[in-house]
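Values in this text are rule-based calculations from the coordinates and carry no lab data. In this text, all values refer to a predicted model and were calculated from it rather than measured experimentally. Cβ placement follows ideal geometry from the backbone for every residue including glycine, while neighbour counts extend to all protein chains displayed.
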Amino acid sequence: MSSPLRSAFLRHVAQTSPEPDGLEISHGEGIYLMDTSGKRYIDCISGIAVSSMGHGHPEIQAAIQVQLNLHLHTMVYGEHIQAPQVALASRLADYLPPPLDCTFFTNSGTEAVEGALKLARKYTSRYEIVACRNAYHGSSAGAESLRSDLEYTAASRPLVPGIRHILFNTLDDLQHITSKTAAVILEPVQGEAGVMLPLPGYLRAVRARCDETGTMLIFDSIQCGMGRTGSLFGFEPEDVIPDILLLAKAFGGGMPLGAFIAAKEIMTVLSQKPILGHLTTFGGHPLSCAAGLAALAVLMRDDLLHRVSDREQQIRSALKDHPAILEIRGRGLMLAIELRHPAQRVSAIQYCRKEGLLVDWFLFNNQSIRLYPPLIITETETTLLCEALTRGLQHII
Ligand code: PMP
């Protein structure tokens, strides 16, 4: 039976699919989400890699409360000096390798993508952009133009011109990066493609080709960053430094926040010829920055980057012999469970839900389900997760 809340949701809130997930959320606590019937779920979606600190983390709540009592919005981004923004940008500069030391805050990942594309075009005075097939960078006009699937972009044509696609992990395709290319944008670990890791040396080869052609390298770490893969920014294991780094999702500690980060010398072009050429009213909102700072502090203080790898090993060994699973792919707690019977993907997700476990699917991978638990998950909670997943997948053997 439909509740009044569900009816109003279907009537008045715009939907993105004919059959929305429809879980009626009551509240969250740690790794759990509770629905309005009182059922409790282990949240292994984490709002698509957002709720890394779980739900209702006391230190994030306290940081928001302190900032709430000081001030909310004061002035369009980049004019007033606001302590939470400055502190977060400085902390990022401490943790990032040089020359990445200057942050432009945004409201979302998509806006970080848009800002980075504009920055690369302005800095290089070129307009061609190279992006990877099966990448998702957002749904605004510029970000959507980076998509490779014609079915999705058909209704938005004409797209932003000058975009070429290459296949991730394919060295031969790097010849499409030329002295006309302003930037290459790619995810150091591809998310919506179904968690695809770069082959050893691939990102170094991309970096070398960019250096040869004077092209900027943009890493979209929006999904794989902030500890999700067991390193802070998702690109460290490959030993390659981008010219522009993109963050969002977990970056805001559950609040809307994104960023594009580059060397100060590069970022300076945004403040010149013309001045005020790239603006945002709410980007880097003080509440979001306060929450993001608190989330980053907890991540580093509690050594979650190491714990993420321990939890990954625990999940891999608990599930490795499950007859419904063909492969467990990914790094850290950014995992894709590839099913032996992909046609059962939607039922598998529903069976897991009955077992009190929230998992979902990827945009561009029909064979796998997403397993992105909060990074704070304990060993005992991970055992519960594996037991629920084992039971859920038992139905689709
Ligand atoms: N880049 C990547 C890799 C993403 O996963 C997403 C969101 N799924 C985005 C960009 C867009 O971020 P947002 O939804 O915050 O605009």
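Relative to the longest principal axis of the Cα atoms of the chain, the long axis of helix 345-354 lies at roughly 60 degrees. Across segment 337-370, the residues whose backbone nitrogen lies under 19 Å from the label position 7 Å along the beta-carbon direction of residue 37 are 347-360.
Each part reduced to its alpha carbon centroid, segment 79-109 and segment 336-361 end up 38 Å apart.
Using the empirical formula 2.2 N^0.38 Å as the baseline, the Cα radius of gyration of segment 166-292 reaches a ratio of 1.14.
Hydrodynamic estimate: the Kirkwood radius of segment 276-394 over Cα pairs, inserted into Stokes-Einstein at 10 °C and 1.306 mPa s, corresponds to D of 99 µm²/s. For segment 61-149, averaging the sequence separation of C-alpha pairs within contact (under 8 Å, six or more residues apart) and dividing by the residue count gives a relative contact order of 17 percent.
Find how much the distance from residue 346 to residue 70 grows on full extension, using 0.36 nm per residue of separation minus their present alpha carbon separation; answer in nm with one decimal.
94.7 nm
Just check segment 213-264 against the gyration tensor rule for me: Cα atoms, a ≥ b ≥ c as the square roots of the eigenvalues, rounded for a/c under 1.5, and otherwise prolate or oblate depending on whether a/b exceeds b/c. Since a/c reaches 1.5 but b/c is at least a/b, the shape of segment 213-264 is classed as oblate. Principal-axis analysis of the Cα atoms of the chain puts helix 379-394 at an angle of about 70° to the longest axis. Highest average first, the peptides 312-322, 112-122, 34-44 ordered by how many other beta carbon atoms sit within 10 Å of their residues are 112-122, 34-44, 312-322. Charge dipole (Cα centre; +1 on Lys/Arg Cβ, -1 on Asp/Glu Cβ; no other charges) of the chain amounts to roughly 580 debye.
Rounded, prolate or oblate for segment 330-397? Axes are the square roots of the Cα gyration tensor eigenvalues, ordered a ≥ b ≥ c, and the cut-off for rounded is a/c under 1.5. Verdict is oblate for segment 330-397. Short version: what are the Cα gyration tensor semi-axes of segment 76-155, square root of 5 times each eigenvalue, largest first, in whole Å? Semi-axes from the Cα gyration tensor: 29, 15, 13 Å. Sorted largest first, the spans of the alpha carbon positions of segment 4-77 along the three principal axes are 40, 30, 23 Å. Working value for segment 150-192: equivalent-ellipsoid semi-axes of 21, 16, 10 Å, each the square root of 5 times a Cα gyration tensor eigenvalue, largest first. Prolate is the label for segment 1-132, because the ratio a/c of its alpha-carbon gyration tensor axes (a ≥ b ≥ c) is 1.5 or higher and a/b is greater than b/c.
All alpha carbon pair distances within the chain were sorted into 10 Å bins beginning at 0; the resulting P(r) in whole percents reads 5, 22, 32, 27, 12, 2, 0.
Using the Cβ-Cβ distance between residue 62 and residue 13 with R0 = 41 Å, the FRET efficiency computed as 1/(1 + (r/R0)^6) comes to roughly 0.85. Taking 0.36 nm per residue of separation and subtracting the Cα-Cα distance, full extension of the segment from residue 378 to residue 301 would add 26.2 nm.
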